[in-house]
Amino acid sequence: MSKLSPVVVNDRTYAAPKTCAISICLDGCEPAYLEEAISAGLMPNLKRIKETGTDRLAHSVIPSFTNPNNLSIATGRPPAVHGICGNYLYDPETKTEVMMNDVRFLRAPTIFHKFQKAGARVAIVTAKDKLRALLGAKLTFDTDTAICFSAECSDTTTVAEHGIENGSKWTGMDVPEVYSAELSEFVFAAGVKLLAEWKPDVMYLTTTDFIQHKHAPGAPVANAFYENFDRYLGQLDEMGAAIVITGDHGMKPKHHADGSPNVVYIQDVMDEWLGEAVARVILPITDPYVVHHGALGSFATMYLPGDTDRQDIIDRLAKIDGIEFVCGREEACGRFGLPADRIGDIVLTSGENVTIGTSEDRHDLAALKDPLRSHGGLHEQTVPFIVNRVLELDGAPDLRNFDAFFYATKAAAL
């Protein structure tokens, strides 16, 4: 373990860890998943940690999607600071929709970059490769002080780009199918091996929510996933790491009684009100991995022509059954900590069991083999926040998932 000093990142001071400080982001971890698995006797290690450590609930950032929350955890700040406010954004100048997974969109340094600069060893393992470049922004891999790779592309890693040669071979595990529980298991297994053999000072393990999109809390497949996680958690805990377990967002059922998706197609509504394609509805959940959610979530943003009566549109949208909250850009930025130049004129969220779509003919739902479960709105904002040390913490809403490394390093410094 390196001799370190406290590190300042985005105006927050992080303690110098004496043991490895680990944050584990369980993607889509609605707190009920843990409650059900513990009740079934499948998570003895987490049960013990909750009883002997610190057990709280926290709030994620809104939109409650993967990229904004992972980058908030990685920077310790909301999207207004780091700039990543969705998986997807609309560029009004070019009138194009683009993925927000390029490092050029990141506006703040990560905790990992700052700790490496301070002399620490940092390790990051993510399930999907879409996050890898953002999480590893500005890391250097020529001094054996940083490792950053994804389970999805673990067989093509290099020392020059990832800090490790062929991560799949190194872990002794085949590259998992991207739509599988094994993709997350790879992350856990790699974390255990890194802690045992490479001994990082700071480590981030972040998973995929494929299981949570398809299976409700307490379902056999979901319980098996958390039982498997518990085994790896026990190993990390036994090795003495200070661990914070949180999530990027929760997960709710978004379907009708017959299992069909419950969707309000807002682009179709706007086309009817203003004319075809006059308004532009953007769904920031959109990413290349749509098999499990069909690009349907509970948060949307909308761009309007300059001569539109925005308040009139807000008032009319608020009356639509299933739409729960609607506001203008300014209120959304203040309420949710969003960057004003990367969201539309209007922000809207849907109810607990409702999603927002663009136009009905633009969503290919054929791949949804199970009743839709998704996230993005206010109902998926509550996530677990569990520490394997005793700390004095607030609960939600004051405690945020992006406080994870602040408290992980604090616990590791004890």
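With an 8 Å cut-off on Cα pairs and a minimum separation of 6 or more residues, tell me the relative contact order of the chain in percent.
Numbers: 1002 pairs, mean separation 123.6, N = 414.
Dividing the mean separation by the residue count of the chain yields 30 percent.
Measuring between their Cα centroids, segment 79-154 and segment 45-72 lie 20 Å from each other. Charge tally around Arg48: other residues with Cβ under 12 Å, Lys/Arg +1 each, Asp/Glu -1 each, net -3. Taking Thr126, Thr246, Thr358 in turn, the Gaussian network model of the chain (Cα-Cα springs below 10 Å) assigns the largest fluctuation to Thr358.
Close amide H pairs (under 5 Å, H built 1.01 Å from N) link His255 with Asn262, residues at least 5 positions away or on another chain.
What do you get for trypsin sites (Lys or Arg not before Pro) in segment 114-182 restricted to DSSP loop and a cutoff of at most 16 other Cβ within 10 Å of the site's Cβ? Don't jump to the answer; show the numbers that get you there.
Numbers: sites: Lys114, Lys117, Arg121, Lys128, Lys130, Arg132, Lys138, Lys169; in loops: Arg121, Lys128, Lys138.
For trypsin sites (Lys or Arg not before Pro) across segment 114-182 that sit outside H, G, I, E and B with at most 16 neighbouring Cβ atoms in 10 Å, the list reads Lys138.
One quarter of the surface of the convex hull around the alpha-carbon atoms of the chain equals 19.0 nm², the direction-averaged projected area.
Summary value for segment 84-139: 32 percent relative contact order, contacts being C-alpha pairs under 8 angstrom separated by 6+ residues.
Evaluate E = 1/(1 + (r/R0)^6) for Ala340 and Lys47, where r is the Cβ-Cβ distance and R0 equals 56 Å; express this FRET efficiency to the nearest 0.05. List each step's numbers first, then the result.
Numbers: r = 44 Å, r/R0 = 0.78.
It comes out at approximately 0.80.
Dipole magnitude for segment 128-248: about 200 debye, using +1 per Lys or Arg Cβ and -1 per Asp or Glu Cβ, origin at the Cα centre.
Counting other C-beta atoms within 10 Å, which of Asp398, Asp201 has the fewest, and how do the rest follow?
Asp398, Asp201
GluC sites (Glu not before Pro) within segment 34-116: which are DSSP loop residues with at most 11 other Cβ atoms inside 10 Å? Sites meeting the loop and neighbour criteria: Glu93. Quick check: the distance between the Cα centres of segment 301-319 and segment 160-185, to the nearest angstrom? Distance between centres, Cα-based: 46 Å.
Pop the C-beta distance of Val278 and Glu331 into the FRET formula with R0 = 25 Å and round what comes out to the nearest 0.05. The value I calculate is 0.60.
Take the Cβ atoms of Thr140 and Glu392, set R0 to 41 Å, and the FRET efficiency comes out at 0.70.
Throughout, read-outs are computed from the coordinates displayed, never taken from laboratory work. Please read these numbers as outputs of a predicted model, since none were measured by experiment. Cβ sites come from the backbone with ideal geometry, for glycine too, and all protein chains shown count toward neighbours.
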